[in-house]
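Read the structure below first, then the notes.
Here, each number is a calculation from the coordinates, and none is a lab measurement. The structure presented is a predicted model; accordingly, all values stated were derived computationally and were not measured. Here the Cβ positions follow ideal geometry from the backbone for every residue, glycine too, while neighbour counts run over all protein chains shown.
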Amino acid sequence: MILDDLGYGQQDREEMEVLFSFLSERYERRSVMITSNVVFSQWDQIFKNPLTTMAAIDRLVHHAIILELVGPSVREEEAKAARRGHRDEPPAAAETMA
Amino acid sequence: MKRQEPAESLAMRLRLLKRPSFVAAHEELARQAERDGWPHIEYLGRLVEREITERSQRRIERLRKGAGLPEDKTRGALKVEKLPPKVRRQVPALCEGSFLHRAENVLAFGLPGRGKTHLMAAIGHELVHRGYAVLFTRTGWSSACWPPSESSPSIASSSGWTPTTR
């Protein structure tokens with residue numbers, strides 16, 4: 001199950017409860033994949049209640065692979081490249097940067 | 001006593017047994033068997049092999065349709081060189097799907113436009129290709145679209161989680 005863009009938009013209490021029970025249900029039984037631009041420290045915005053938030057994060061990260069996608073925005077770079085047109089080659093330095 | 005099967009009833013019975021590749025291929029393979037003098041057991045073996053191969057293809061196709069993955073966000077279209085090296089190194093293992101057997105979660109964080117969705121969708125496509133059931137769902141949800149009604153029965157039932165009927 002892939003939940004894309006968790007924390008985007010406001011969820012009401014009932015939706016939050018469905019999400020929480022869903023995550024509890026899957027815990028240690030089936031994998032969940034999540035993308036989010038909300039860092040854990042702000043997850044109480046999603047779950048409203050600090051205890052629920054803590055319980056949810058606890059279960060999610062107990063057995064988890066965390067991928068941090070740092071770096072420049074790929075989307076923005078592509079938009080810039082598109083504006084530049086095809087005549088310009090991307091700068092070589094961008095490839096070697098870590 | 002020789003028993004002659006009317007061809008139509010054989011096809012019908014194979015259909016009843018849910019062997020669509022048997023239905024489609026048994027006559028053609030039988031002609032080939034006669035021509036090339038295959039022993040009976042080889043004819044049956046080839047027929048079974050075809051059923052198995054096509055069954056797995058049908059399953060993957062069904063999973064692909066049910067997964068709801070964004071079609072353009074494949075692994076091939078993923079710009080791995082743009083991913084942080086630490087993430088990039090994990091991609092091959094994630095695509096193998098061993099984390100699913102350990103019921104591990106995969107959490108991708110980052111600011112908008114860093115390729116989180118593409119990365120997860122690409123892994124999703126690879127998992128479907130390996131026969132795993134995947135369901136991709138956007139969570140900018142409202143209660144009208146959650147729980148997702150398109151969810152494949154295998155996901156819903158195996159998690160003990162029943163989608164509400166609408």
Mind checking which lysines have their C-alpha under 22 Å from B:K86, skipping anything on the same chain fewer than 8 residues away? B:K73, B:K116
B:E54 and B:R89 label points (each 7 Å along its Cα→Cβ direction) are spaced in nm at 4.6 nm
For the range B:14-81, the Cα gyration tensor yields equivalent-ellipsoid semi-axes (√(5λ), largest first, whole Å) of 36, 15, 8
How big is the C-alpha Rg of the range B:1-138 next to the rule-of-thumb value 2.2 N^0.38 Å, as a ratio? 1.56
Euclidean distance between Cα centres, the range B:17-93 to the range A:35-85, Å: 35 Å
Just grab the label-to-label distance for B:E61 and A:V70, each label 7 Å out from Cα along the Cβ direction, in nm (one decimal). 4.6 nm
Among A:H62, B:H118, rank each residue by its count of other Cβ atoms within 10 Å, from fewest to most, as a rough exposure measure. A:H62, B:H118
For labels at B:R15 and A:L51 in the simple 7 Å Cα→Cβ model, what's the distance in nm? 6.0 nm
Once the in-chain neighbours fewer than 8 apart are removed, the lysines whose Cα is under 24 Å from B:K18 read B:K65
